Amino acid sequence: MTPIRHNASDGDPVLDAVRDCILAVGVRRTTLTDVARRAGVSRMTLYRRWPDVRSLVGDLMTREWIEAATGAMPDREAGTAARTRIVDGLVAGVHAFRGHPLFRKIVDVDPELLIPYVLDRRGASQEALLALLTEALGEGHADASVRPGHAQRQARSLLLVAQSFTLSLRTMTEEDDPELSTEAFSAELRTILERTLTP
C-alpha cells in the first residue's frame, strides 16, 4: 500500500519531544515548557504552531497512528488478493496499536483523550485509515476478492470492528485460558474479517 502522508512530518523534533514527555509522565502532566525544553526550542516557537498541549498531542497521535497502520499493511505482491492484504493488515494493525508504547500510555493514564474519537467525531488519523481501506477495498472489488458493496461504508465498518478489538480486547481476554487468549481473539478477528469480505 502507498503510505498516506500527514501534516506532521516524520522525525519532527517537537513531536519526538512531546512523545518522550508523554511516555515519561502522561499527557496531563506534560506542559509546553517541558516540550520546548526537551526539543531545544523556545515556547514561542511552539505557540506559533500549536496553541496548547492538546493540539500538539493531536498531531503526535496522527503521526504515530498512521505510521503504525501503514506499517502493518502488507505491500502489494503479485498474485496476492486485495482481501488477503486487508485482513492481514487489519489483524497486524490491531496488534501493532495494542503494543504501541504511546497508545498503551494514553489508554492506561489518559484514556479520556480517546473518547471524542470513539463517541463524537473522526480524527485525522481515522480519516487517513479510512482512505487507505477504501482504496484497498476498491482493489478488492476489481480483483473480485472482496464482495461488492459501497467501499466507504465497508471501510467504515471494518474500522469500527478494528477499533473495538484495539480498545476493548483486554476486557474480554483471559490469558490463562487458551480459548480466550489474545492470540485466540486475533484468530477470531481474522475469521470475522474474512467472512465479512469474502464474496
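All of the numbers you see were taken from the coordinates with simple rules; none came from a lab. Keep in mind it's a predicted model, so treat the numbers as computed, not measured. No Cβ is skipped: glycine too gets one built from the backbone with ideal geometry, and neighbour counts run over all protein chains shown.
A DSSP coil position with no more than 15 other Cβ atoms inside 10 Å describes the following trypsin sites (Lys or Arg not before Pro) in region 12-50: Arg28, Arg29. Thinking of the chain as a set of Cα atoms, what percent of all their pairs are more than 25 Å apart? Here the long-distance tail beyond 25 Å is 42 percent of all Cα pairs in the chain. With 0.36 nm allotted per residue and the present C-alpha distance subtracted, the Val41-Arg122 stretch has 26.0 nm of extension available.
Computed extension length for Arg49-Ile115: 21.3 nm, one decimal, from 0.36 nm per residue of separation with the Cα-Cα distance subtracted. Full extension of the chain between Thr80 and Thr191 gives 38.1 nm of extra length, using 0.36 nm per residue less the Cα-Cα distance.
Working from label points 7 Å from Cα in the Cα-to-Cβ sense, the Ser157 to Val25 distance is 4.7 nm. Sorted fewest first by neighbouring Cβ atoms within 10 angstrom, Trp50, Trp65 come out as Trp50, Trp65. Remark: the Cα gyration tensor places region 119-193 in the oblate category, a/c being 1.5 or greater and a/b not exceeding b/c.
Exposed loop sites, defined as GluC sites (Glu not before Pro) outside DSSP H, G, I, E and B with at most 11 other Cβ atoms within 10 Å, are absent from the longest region of the chain, namely 78-173.
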